[in-house]
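The values are calculated or read from the model by the stated rules, or taken from the named source; none is laboratory data. The model shown is predicted, which means the values in this text are computed figures rather than measured ones. Virtual Cβ from ideal backbone geometry, glycine too; neighbours counted across all protein chains shown. Just the protein is used for accessible areas: all its heavy atoms, side chains included, with ligands, DNA and RNA removed. Shrake-Rupley method; radii C 1.70, N 1.55, O 1.52, S 1.80 Å.
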Amino acid sequence: MEHKKLPVVSIVVPCYNEEEVLPETVIRLTAILERVIAERLAAPSSFVLFVDDGSRDRTWELIESYHRTHPHISGLKLARNAGHQSALLAGLQSVTTRSDCAISIDADLQDDPNVIREFLVKFQEGYEVIYGVRDSRETDTFFKRFTAQAFYKMMKSMGVKITYNHADYRLMSRRALEQLHRFKEVNVFLRGIVPMVGFRSTNVYYDRHERFAGESKYPLKKMLAFAWDGITSLSVTPIRLVTSAGFLLFLVSVIAGLYAIVQKLIGNTIAGWTSLMVSVWFIGGVQLISLGLIGEYIGKIYKEVKHRPLFIVEKELTPLVSAGTKGPAPAPQELQPQG
Ligand code: UDP
Ligand code: MG
C-alpha cells in the first residue's frame, strides 16, 4: 500500500478572453493542486493545462508567463476560436496519454476548485467518471436558471441521457478519455457524449458561485445555439415528431372526410367543397408522413456517419490455460494468446 503509484492528475481549463480572471484562477488551481499532491492524492508531476481558445486579449501572454514561473502550469494555444467544447476536447486529447485522469473546469471559478479533492478521493475509490453537479443555482439570474431548467427537461424528454445541472466540471480516467476519443463526431456536446462512454461513475455536489471576474462568454445567442446543437446532435426525436404529426393529420383527414361527405349527403354544401376539403386534409397528412419517413432514413444516415463506437469494453477475462500453463497441451500454435 505504501508504494502505490500515485495518479498523475491533469486539470484542463479552456480560456477565451479570460485575462481578468486568469491570475486568480492560477492561484486557486495551483493551491489545490499542491494540496492534493501533499495529501498523496496526486503525483508530484500533476499539472494544469490552460487552453487558449483563440483569445483576442492578453490571455495567452499570461499563460506563457505563468508557465515560466509555475512548475505545474502548461499551455496550449489554438489557432482560432474553436468554441468551448472543441477547446476543452483539444485539451483533453493533449493530456490523455500524459496523465492518469483529467479534470475539466471553466476558467471563471464558478465551479469550486476545492471539489477537485473530492473528485480524487472518488477516483481512488475506483470511479472513472465523476460528474460535478451544482447543488443550487441561486447565484444564476432567474433567466439563466429558467432557460437551463427548460433545456434539461427538453433533453430528457427527447431521450438524451444527460446529468441534471452538470456542466463540464468532471473527472475522467485515462481509460474513459481514450474511449471518449473514439467518438469522432464534429458536433461535440461533451456532456451528452460522456455518459455514452459508460464506466463506473458518480456525482459530487457543490455550490456554484458567481463568475469571479469578466463577463460570460455565452451570450443568449450562443446559449441557444448550444442548446439546439445539443438536441440535434444527440436526438432524432424532432424527426419522429414530424412523422407523428403526419399520422395525426391523416387521422384528422379521415374524420374531416367523413364530415364532408355527411354534409354533402345532408345537402349543406356548395359544389366542390367536399372534394376540396377531403383532398386538402388527405394530401397534408400524406405529405407529412412522407417527410417523416424520409427524415427517418436521414436520421439513420446521421447516426451512421457519426461512426460512434457500438460498445466499449470495460474488462476482459482471458482463459488461464493460455497464460503459459504446462501440461498435456495441444500444439503450441493453437494456444497463442490473443494479441
Ligand atoms: N470558453 C472558451 N471558448 C469560447 C467560449 C468560452 O474556451 O468560445 C471558455 C471560457 O473561457 C470559460 C468556459 O469556456 O472558461 C465557460 O464559459 P463561460 O463561463 O463564459 O460560460 P457560462 O458559465 O456563462 O455559461
Ligand atoms: Mg462561467
Exercise. Determine which single condition Ile261 fails, assuming it passes every other condition in (1) more than 22 Å from the chain's Cα centre (by Cα); (2) of a type in the set (Val, Ile, Thr); (3) exposed (fewer than 13 other Cβ atoms within 10 Å of the Cβ).
Key: (3)
Quiz item: Mind checking which pairs have a first residue in region 145-164 that is free of Cβ contacts under 8 Å to residues at least 60 places away in the same chain and a second that is not in a helix (DSSP H, G or I), Cβ under 6 Å, 6 or more apart or different chains?
Solution: Arg145/Arg137; Tyr152/Tyr164; Thr163/Tyr131
Quiz prompt | Conditions (1) away from ligand 2 (no atom under 16 Å from the Cβ); (2) open to solvent by less than 30 Å² (accessible area, probe 1.4 Å): number failed by Lys161 | solution = (2)
Exercise. May I ask you to list the residues in region 219-232 that are open to solvent by 60 Å² or more (accessible area, probe 1.4 Å) and either within 11 Å of ligand 2 (Cβ to nearest atom) or among the aromatic types (Phe, Trp, Tyr) (or both)?
Key: Trp228
Quiz prompt | Candidate set: region 199-218, residues that are more than 30 Å from Glu316 (Cα to Cα) and either part of a helix (DSSP H, G or I) or at pLDDT 85 or above (or both); chosen: the one nearest to ligand 2 (Cβ to nearest atom) | solution = Tyr206
Self-check item: Single match in Met196, Met172 (criterion: surrounded by 15 or more Cβ atoms within 10 Å (Cβ to Cβ) and either under 24 Å from Tyr16 (Cβ atoms) or modelled with pLDDT under 80 (or both))
Solution: Met172
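Results for (1) in contact with a helix residue (DSSP H, G or I) (Cβ under 6 Å, 6 or more places away or on another chain); (2) modelled with pLDDT of 80 or more, shown as yes or no for each residue.
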| site | (1), (2) |
| --- | --- |
| Ala225 | no, yes |
| Ser233 | no, no |
| Leu249 | yes, yes |
| Ala256 | yes, yes |
| Lys264 | yes, yes |
Quiz prompt | Residue match in region 74-97 (condition: in contact with a Lys or Arg (Cβ under 8 Å, 6 or more places away or on another chain) and hydrophobic (A, V, I, L, M, F, W, C)) | solution = no
Quiz item: Considering only region 98-148, how many residues are in contact with a Lys or Arg (Cβ under 7 Å, 6 or more places away or on another chain), open to solvent by less than 10 Å² (accessible area, probe 1.4 Å), more than 16 Å from ligand 1 (Cβ to nearest atom) and not β-branched (Val, Ile, Thr)?
Solution: 2
Quiz item: Which is over 30 Å from Ser279 (Cα atoms), more than 16 Å from ligand 1 (Cβ to nearest atom), of a type outside the set (S, T, N, Q) and over 13 Å from the mean Cα position of the chain (by Cα), of Gly159, Gly214?
Solution: Gly159
Practice problem: Assess whether Ser45 counts as being under 26 Å from the mean Cα position of the chain (by Cα), among the hydroxyl-bearing types (Ser, Thr, Tyr) and either within 29 Å of Phe183 (Cβ to Cβ) or at pLDDT below 95 (or both). | Solution: no
Quiz item: If we scan region 52-69, do we find a residue that is of a type in the set (A, V, I, L, M), more than 26 Å from Phe123 (Cα to Cα) and open to solvent by less than 40 Å² (accessible area, probe 1.4 Å)?
Solution: yes
Quiz item: Which of the following residues is in a helix (DSSP H, G or I), in contact (Cβ under 8 Å) with a residue 24 or more places away in the chain and buried (at least 17 other Cβ atoms within 10 Å of the Cβ): Val252, Val242?
Solution: Val242
